[in-house]
Amino acid sequence: MRSRYAAYAVDDRDYVFRTWHPRTRPPEVAATPGLTWERLEIVACEGDVVEFVAHYRTAEGRGTMHERSRFERRADRWFYVDG
């Protein structure tokens, strides 16, 4: 989860794409112009589910994204499934 957040924060869309489960990932990961990720809080982790709050800033102001994300381990790597 933290590595995917960091990839979003530095706009490494290739990493985000590669760590998205092939069964659920979109054809491409689009950028969000003007959005800056500022901070990640991990709220809870249980098994393959991570609950987090990601803080961001846009021209309109600050906001948060609160999600419970599911991951799946394949070939010793974790992949984002859905949230």
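The values are calculated or read from the model by the stated rules, or taken from the named source; none is laboratory data. Note that this is a predicted model, so its numbers are computed, not measured. FYI the Cβ positions are ideal-geometry reconstructions off the backbone, even for glycines, and counts take in every protein chain you see.
Scanning segment 20-40 for residues that are surrounded by 12 or more Cβ atoms within 10 Å (Cβ to Cβ) and hydrophobic (A, V, I, L, M, F, W, C), we see that the one that is farthest from Val81 (Cα to Cα) is Leu35.
Is it true that Arg62 is without any contact (Cβ under 8 Å) to a residue 24 or more places away in the chain and in a strand (DSSP E or B)? No: the conditions fail for Arg62. From the list Phe71, Phe17, the lone residue that is surrounded by 14 or more Cβ atoms within 10 Å (Cβ to Cβ), touching a strand residue (DSSP E or B) at 6+ places or on another chain (Cβ under 8 Å) and either modelled with pLDDT of 95 or more or among the polar types (S, T, N, Q) (or both) is Phe71. Inside segment 41-65, can you point out the residues that are within 16 Å of Trp78 (Cβ to Cβ) and surrounded by 10 or more Cβ atoms within 10 Å (Cβ to Cβ)? Across segment 41-65, the qualifying residues are Ile42, Cys45, Asp48, Val49, Val50, Glu51, Phe52.
Within segment 74-83, being surrounded by 12 or more Cβ atoms within 10 Å (Cβ to Cβ), part of a strand (DSSP E or B) and of a type outside the set (Val, Ile, Thr) holds for Trp78, Phe79, Tyr80, Asp82. Residues being in contact with a Lys or Arg (Cβ under 7 Å, 6 or more places away or on another chain) and either in a strand (DSSP E or B) or free of Cβ contacts under 8 Å to residues at least 24 places away in the same chain (or both): count how many of those fall in segment 17-55. Counting residues in segment 17-55 that are in contact with a Lys or Arg (Cβ under 7 Å, 6 or more places away or on another chain) and either in a strand (DSSP E or B) or free of Cβ contacts under 8 Å to residues at least 24 places away in the same chain (or both) gives 9. Just a yes or no: is a residue in segment 20-29 under 11 Å from the mean Cα position of the chain (by Cα) and not hydrophobic (A, V, I, L, M, F, W, C)? For segment 20-29, residues under 11 Å from the mean Cα position of the chain (by Cα) and not hydrophobic (A, V, I, L, M, F, W, C): absent.
When each of Thr24, Thr36, Thr32 is tested for being at pLDDT 95 or above, among the hydroxyl-bearing types (Ser, Thr, Tyr) and within 17 Å of Val10 (Cα to Cα), the lone residue that passes is Thr36.
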